[in-house]
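*Asks:* Handing you this structure, nothing more for now.
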Amino acid sequence: MLLPAKYDERKWTLARQLGVKYAITKAHPDLTNKPAPYDLASLKQTKSNFQAKGIKLFGLEGDQFDMNPIKLGLNNRDEWIEKYIQMLRNMAELDMDLLCYNWMAVFGWYRTNVNILERGEALVSEFDLADVGAKVDERYQIGESELWNNLYYFLEAVLPEAERLGIQMALHPDDPPVSPLRGVARILTSSIAFDKLMTEFPSPANG
């Protein structure tokens with residue numbers, strides 16, 4: 001179950017009531033008020049917080065820090081890839097072997113409305129292409145071929161270490177699967193795209 005990194009009594013209690021014993025979380029500094037998980041002490045504390053409530057932190061999901069330098073191929077991407085690899089090493093040291101990541105640059109999952117009333121007055125989200133905002137600043141616009149190249153560059157650096165450490169990396173599809181979105185390409189929009197990636201990187205760590 002995906003649970004917030006900071007203790008949330010309602011959600012964490014509900015998880016235990018449902019019989020959930022394992023959790024994944026997003027440990028971005030904005031959500032934890034602690035350093036990103038490439039800091040071992042920070043990740044260890046996050047895991048300990050779950051453990052104190054009877055839940056084993058099994059893995060991480062989402063961007064654990066600003067990944068745009070890597071996804072957009074900026075000059076300092078190697079520095080951030082090294083931090084990513086250190087995060088993998090920290091996870092292995094703490095017996096966490098699942099990492100769900102995505103390749104959505106500039107912004108992640110995207111909705112045009114998050115307050116739609118549905119059955120029983122349940123609030124749901126919505127995506128309507130007609131309501132998508134204007135293009136992002138030109139500095140952050142990127143095409144599909146460049147985004148593919150940046151993903152390959154990242155995986156060539158990261159997958160061997162993930163494989164060595166026994167960490168399963170799982171790539172999340174683009175949400176929504178629309179390209180481009182506000183001038184930013186999206187490439188993981190179909191099963192064909194995933195087949196292409198698995199063919200290029202047939203690693204047991206690449207899921």
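*Asks:* Working only within segment 1-21, note down all residues that are touching a Leu at 6+ places or on another chain (Cβ under 9 Å) and either exposed (fewer than 14 other Cβ atoms within 10 Å of the Cβ) or farther than 19 Å from Y101 by Cα (or both).
*Replies:* Passing the criteria: K6, K11, W12, A15, V20.
*Asks:* Out of the residues in segment 90-128 that are among the small types (G, A, S), out of contact with any strand residue (DSSP E or B) (no Cβ under 7 Å at 6 or more places or on another chain) and not in a loop (DSSP other than H, G, I, E, B), which is farthest from L57 (Cα to Cα)?
*Replies:* G120
*Asks:* Which one of these does I70 not meet: (1) in a helix (DSSP H, G or I); (2) open to solvent by 50 Å² or more (accessible area, probe 1.4 Å); (3) not small (G, A, S)?
*Replies:* (2)
*Asks:* What are the pairs with Cβ atoms under 9 angstrom where one residue, in segment 115-139, is within 15 Å of P176 (Cβ to Cβ) and among the acidic types (D, E) and the other, located anywhere, is in a loop (DSSP other than H, G, I, E, B) and open to solvent by 60 Å² or more (accessible area, probe 1.4 Å)? Sequence gap at least six, or different chains.
*Replies:* Every condition considered, the pairs that remain are E126/R111.
*Asks:* Follow-up. Identify the residue in segment 129-150 that is farther than 26 Å from F194 by Cβ and in a loop (DSSP other than H, G, I, E, B) and, among all such residues, is most open to solvent (accessible area, probe 1.4 Å).
*Replies:* The extreme case among them is K135.
The values are calculated or read from the model by the stated rules, or taken from the named source; none is laboratory data. In this text the structure is predicted, and so the values were computed from the model without any measurement. In this analysis, Cβ positions are derived from the backbone assuming ideal geometry, glycine residues included, and neighbour counts consider all displayed protein chains. Side chains are part of the model used for accessible areas, which takes the heavy atoms of the whole protein and leaves out ligands, DNA and RNA. Shrake-Rupley method; radii C 1.70, N 1.55, O 1.52, S 1.80 Å.
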